[in-house]
Amino acid sequence: MNAFTYRDGMLHAEDVAVAELAERYDTPLFVYSRNHLLAQLGALTAAFAAVKPLVCYSVKTNSNGAVIKTFAEGGAGADVVSGGELWRARRAGVPAERVVFAGVGKTADEIEFALKEGIRFFTVESEPELARISDVARRIGATGRVALRVNPDVDPQTHKYISTGKKENKFGLDLARAEQAYEMAARLPNLEVVGLHMHIGSQILTSHPFVEAVRKIAPLCQTLKRAHPAFRCLDIGGGIGIQYKPEQHALEPVVVARELVPLLQPLGLEIVMEPGRYLVGNAGVLVARVQYVKDSPFKKFVIVDAAMNDLIRPSLYQAHHEICAVRETSARVHGDVVGPICESGDFLAQDRELPEMRQGDLLAVLSAGAYGFAMSSSYNSRPRAAEVMVNGKDHTLIRRRETWEDLVAHETI
């Protein structure tokens, strides 16, 4: 569904005018559509229904408790990468048996917390991590269920910073080394080998890398299933891409499922998926207000009250986010949308055709539901933005705007 549409010349989030939300909650402001979240979850689950997947929402994408709770109420679990994310997921009502714990640098304290909570399994990235989970589990009298992360050396054809399944990436083990690591896991006390995990990258717009990866790991799955009685699960990760640009075509789950399901069904394993961006990316916008329009001899700058500390993706990944005026207009200008931070890299759009806007106008940065607030900071001592959830005609403040007092709450002089 498209949750953000124009009605009578004004941008709406579901049935609520975005201008009304900006007036009520001020700007910068993240606005999310609850029904978009549920529609995306439903579409993914339906596409893969033949293998009955457990969809574990990737919490790092957008860690607001209301977002996590929405997915939990829709039957999803959580993919977490830290003790803090596990705590957030449990606080939001995700059952422990629907939580998987990934990440290359888990501490002993995080592992102990997860074991005591009774999570579904750990995604294990290295042999030393296997040993640490075994040690912690033995110390507290628990059993650590593990699924080793295999790096299938597949090019996901995405930005190098969000490619995770190539041999030069820090994640996982290559196929040959993984088999040896599974033998090690079987010998260690207080461990149970329950599955295999892969995640090749993010914002993938073709199904071919997924197909190549599953074909590469399928023989290992069959080998492990014969060797380990408890081996029952394959976690295929996430990475399904969304539309950021008008000319881009999102990768629809039905397209991926059409090619993957015939490869997955013969394995006879439980299937886990870890989507993030696909579920939340286009469920959110960042609303900002124009502070100044600055014309130089070389370029027009639209200076707004949102900045790279609110949405760092354009600066970090050279990512494209569509910009639209909250009050619809056909007039266009060419220039940059920039924020007030003292960095040349502080921009939301560069050298683009933009809707013409004046001081005081509102604009919306689209596709900001994923890696927006979650990667935000208070750089330049800028309080972080508020977050709002829209559900039909209703809207709820799900995170209040930070204050100057919040900036120094943990400091002492």
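The values are calculated or read from the model by the stated rules, or taken from the named source; none is laboratory data. This is a predicted model, so every value here is computed, not measured. FYI the Cβ positions are ideal-geometry reconstructions off the backbone, even for glycines, and counts take in every protein chain you see.
I'm checking my understanding of the structure. Among residues of the range 164-203 that are modelled with pLDDT under 55 and touching a Ser or Thr at 6+ places or on another chain (Cβ under 8 Å), which one is nearest to Ile236 (Cα to Cα)? Here the answer is Thr164. Entry remark, the range 66-87: residues being within 22 Å of Asp109 (Cβ to Cβ) and surrounded by fewer than 20 Cβ atoms within 10 Å (Cβ to Cβ) number 5 in total. Could you tell me how many of the residues in the range 285-328 are hydroxyl-bearing (Ser, Thr, Tyr), farther than 29 Å from Gln203 by Cβ and out of contact with any strand residue (DSSP E or B) (no Cβ under 6 Å at 6 or more places or on another chain)? Final tally of qualifying residues: 1. Restricting attention to the range 252-277, the residues being crowded, with 20+ Cβ neighbours inside 10 Å and farther than 19 Å from Gln318 by Cα number 12. Checking each residue in the range 278-299 for being surrounded by fewer than 24 Cβ atoms within 10 Å (Cβ to Cβ) and modelled with pLDDT of 95 or more picks out Arg289, Val290, Gln291, Tyr292, Val293, Lys294. Looking across the range 17-30 at every residue that is touching an Asp or Glu at 6+ places or on another chain (Cβ under 8 Å) and part of a strand (DSSP E or B), the one that is farthest from Glu252 (Cα to Cα) is identified as Leu29. Filter the range 275-291 down to the residues that are within 11 Å of the chain's Cα centre (by Cα) and hydrophobic (A, V, I, L, M, F, W, C), then identify the one that is farthest from Phe373 (Cα to Cα). Checking each candidate, the answer is Leu279. The criterion of at least 2 residues that are within 19 Å of the chain's Cα centre (by Cα) is met by the following helices (runs of 4 or more DSSP H) wholly inside the range 44-162: 65-73, 83-91.
Every residue, every condition in (1) touching a Ser or Thr at 6+ places or on another chain (Cβ under 7 Å); (2) of a type in the set (A, V, I, L, M), yes or no:
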position	(1), (2)
Phe4	no, no
His12	yes, no
Val18	no, yes
Leu44	no, yes
Ser58	no, no
Gly84	no, no
Ala89	no, yes
Pro95	no, no
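Residue count for the range 394-413 satisfying the condition of being of a type in the set (Lys, Arg) and closer than 18 Å to Ser381 by Cα: 2.
Considered as a group, the residues in the range 228-251 that are in contact (Cβ under 8 Å) with a residue 60 or more places away in the chain and charged (D, E, K, R) include one that is nearest to Met184 (Cα to Cα), and that residue is Asp235. Determine whether the range 317-332 contains at least one residue that is over 25 Å from Met1 (Cβ atoms), under 19 Å from the mean Cα position of the chain (by Cα) and not acidic (Asp, Glu). Yes, because at least one residue in the range 317-332 is over 25 Å from Met1 (Cβ atoms), under 19 Å from the mean Cα position of the chain (by Cα) and not acidic (Asp, Glu).
For the range 367-413, a residue qualifies if it is touching a residue at least 24 places away in the same chain (Cβ under 8 Å) and aliphatic (A, V, I, L, M), and the qualifying residues are Ala368, Ala370, Ala374, Met375, Ala385, Ala386, Val388, Met389, Val390, Leu397, Ile398, Leu407. Number of residues in the range 219-247 that are within 19 Å of Glu274 (Cβ to Cβ) and of a type in the set (Gly, Ala, Ser) equals 4.
Looking across Phe298, Phe347, one residue alone is over 26 Å from the mean Cα position of the chain (by Cα), of a type outside the set (Ser, Thr, Tyr) and more than 24 Å from Val390 (Cβ to Cβ). It is Phe298. Within the range 368-390, the residues that satisfy the criterion of being surrounded by 18 or more Cβ atoms within 10 Å (Cβ to Cβ), touching a Lys or Arg at 6+ places or on another chain (Cβ under 9 Å) and not aliphatic (A, V, I, L, M) are Gly369, Tyr371, Gly372, Phe373, Ser376, Arg384, Glu387.
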